[in-house]
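The values are calculated or read from the model by the stated rules, or taken from the named source; none is laboratory data. Here the structure is a predicted model, which is why all the values come from computation and not from measurement. In this analysis, Cβ positions are derived from the backbone assuming ideal geometry, glycine residues included, and neighbour counts consider all displayed protein chains. Just so you know, the surface numbers come from the protein's heavy atoms only, side chains and all, with ligands and any DNA or RNA stripped out. Shrake-Rupley method; radii C 1.70, N 1.55, O 1.52, S 1.80 Å.
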Amino acid sequence: MTLQFHSSSPPTSRPTGSELGGALLGQAVSAAASGWPIQAICAPLLGAERAAVQETWRLAGPCLHGESEGIAWRRAGDILFGVIDLDEAEFAALADRPPLQAASEEAYHRIFRLLDAQKLPHLWRIWNYMADINAETHGLERYRQFNIGRQDAFIAHHRSATGNVPAACALGLAGGPLSIAFLAGATPAVPLENPRQVSACEYPAEYGPRTPLFSRAALVHPPGQEILFVSGTASIVGYQTVHPDDVAGQCREAMANIAAVVAEANRAARSRSFALDELVYRVYVRHAADFPVIRDTLAPQLGGADVLYVQADICRADLLLEIEAMASHTLGLD
Ligand code: 3EB
């Protein structure tokens, strides 16, 4: 009855009963099975054997499913996975706010209303994607517009308290809607911070009028299980980008941050220790031309771990890569 993560390439045609949903990654994917919570991440895969990969969350047992205010969701037991895609153009008429800010706020309002209705209040992990993340419009970088909308929704739902925010990532794609996928449950996530980094919720104002809201990692507990989600992790020490023009340096710093976060996780873990080479990694690469250097620099650090490289924009213009990861342990048995 554990929550399982599966990766398949080429993608399987249509999800089956015990699948909660997941992501479809590749250059020209579309969420093939509409109505299912499948996040289409339209981005080139680097160094992959196939042009597309499907990642799926499975949980044995009957699934409830629905569509709530544009959120496709499926729920098994007390675990819910959902995806919402919003077209910014539909928010263009709101003269008081940039469309991306309005769309972000609205998406999170809808997610929180669904979780309230389902009585599954605890967000475990969020995946955020948007077009042109570093472009400036309305006098503000679009990632910062997103941060305003996200924070306004968290505040409106009394969810902005530090220590109560999920693991997350936020990436830029070449185009497409604002797309947010989320995993939520009945039990609180155990949020983790990184002693090498200032909490993102406390970034100074030079990084935008409102801070991002995410924890550096989270431990979550489906029945009999402990899952570690490491948020998007970059070459940031304190609150500053380090090695701005040195892609190998950014690789090593991001891995040092992941090692620090995993060490924190191991202090809080209820299961055995998490090891760096058992994690499943997704590495976002800003410039495809940097991929060989990134792969070769990370190889000795990742051991034989599973890793998928995806070309995407990182939320600070000086960041050349971002790494996220996860792992699962059975509780009580090992
Ligand atoms: C950073 O550490 C890099 O806005 O949800 C990483 C993970 C980053 C999540 C988010 C942003 C987010 O600030 C960027």
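When restricted to Cα atoms, segment 283-334 yields an Rg and a Dmax of 14.0, 45 Å, respectively.
Looking at the chain, do any whole DSSP H helices span at least 27 angstrom along their long axis by alpha carbon and average -0.5 or above on Kyte-Doolittle, and which? Span-like helices here: 99-118, 247-268. Normalised by 2.2 N^0.38 Å, with N the number of residues, the alpha-carbon radius of gyration of segment 217-331 equals 1.07.
When the Debye formula is applied to the Cα atoms of segment 149-201, each taken as the same point scatterer, what base-10 log of I(q)/I(0) results at q = 0.14, 0.22, 0.30 Å⁻¹? After summing over all Cα pairs, the log10 values are -0.50, -1.11, -1.35. Ordered by solvent-accessible area of protein heavy atoms (1.4 Å probe), largest first, the residues SER271, SER104, SER160 come out as SER160, SER271, SER104.
Quick check: net charge around MET130, other residues with Cβ under 10 Å of its Cβ, Lys/Arg +1 and Asp/Glu -1?
Values: positive: ARG142; negative: GLU88, ASP132, ASP313.
After counting each charged neighbour, the total is -2.
Each residue, THR330 and GLN4, gets one label point 7 Å from its Cα in the Cβ direction; the gap between the two is 1.2 nm.
Along the axis of the charge dipole computed for the chain (Cβ charges of +1 for Lys and Arg, -1 for Asp and Glu, origin at the Cα centre), the listed residues ALA89, ILE126, GLN240 are led at the positive end by ILE126.
Rounded to two decimals, the Cα-based Rg/Rh of segment 102-141, with Kirkwood Rh, is 1.11. Anyone know which of ALA269, ALA72, ALA205 comes out most mobile in the 10 Å Cα GNM of the chain? Largest GNM mean-square fluctuation: ALA205. Size of segment 183-256 from its Cα atoms: along the principal axes, largest to smallest, the extents are 44, 30, 20 Å. For segment 126-256, a Kirkwood radius taken over Cα pairs fed into Stokes-Einstein (10 °C, viscosity 1.306 mPa s) yields D = 100 µm²/s. Dividing the alpha-carbon radius of gyration of segment 1-107 by the rule-of-thumb value 2.2 N^0.38 Å gives 1.21.
Solvent-accessible area per residue in the chain equals 39 Å², computed with a 1.4 angstrom probe and all protein chains kept.
When the Kirkwood hydrodynamic radius is evaluated over all pairs of different C-alpha atoms of segment 19-82, what value in angstrom, to one decimal, is obtained? Mind dumping the intermediate values first?
Values: mean 1/r = 0.0803 Å⁻¹.
When all Cα pairs of segment 19-82 are included, the Kirkwood radius is 12.4 Å.
A 1.4 Å probe, protein heavy atoms only, puts the accessible area of PHE229 near 0 Å². Can you give the log10 of the normalised intensity I(q)/I(0) at q = 0.08, 0.13 Å⁻¹, computed with Debye over equal Cα scatterers of the chain? Taking Cα atoms of the chain as identical point scatterers yields -0.33, -0.96. Cα-based values for segment 122-168, radius of gyration first and Dmax second, are 12.2, 34 Å.
Taken as Cα centroids, segment 245-299 and segment 134-177 sit 23 Å apart, rounded to the nearest whole angstrom.
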